[in-house]
Amino acid sequence: MVGEMSITVMREDEVNQLVKGLLKHSEPYRQRQLKTPTTHTARRTTQRDRELMECFRNR
């Protein structure tokens with residue numbers, strides 16, 4: 001039959017080897033993701049915030 005997929009069963013040691021390899025190669029990426037950015041992105045002011053700033057300006 002055309003397009004038939006075969007499913008191979010992995011042994012436990014093969015699964016462990018695969019997981020170890022994936023963790024090893026993903027480590028640099030995960031370390032970069034854990035670092036906090038040095039610059040914070042500015043939050044856009046809402047209409048309410050702008051109105052409050054206008055009310056309390058020059059007090």
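Nothing in this text is a laboratory measurement; each read-out follows from the coordinates by a stated rule. Just so it is clear, the model here is predicted, and its values are computed rather than measured. Heads up, the Cβs are rebuilt from the backbone with ideal geometry, glycines too, and the neighbour counts pull from every protein chain shown.
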Paramagnetic label zone (point 7 Å from Cα along Cα-to-C-beta, T8; backbone N under 19 Å) in segment 15-54: 15-22
Descending principal axes extents, the chain, alpha-carbon based, whole Å: 77, 34, 16
Computed helical MRE - 222 nm, the chain, DSSP H runs ≥ 4 contributing -39500 (n - 2.57), nearest 500: -18000 deg cm²/dmol
Degrees between helix 12-34 axis and first principal axis of the chain (Cα, 0 to 90, nearest 10): 20 degrees
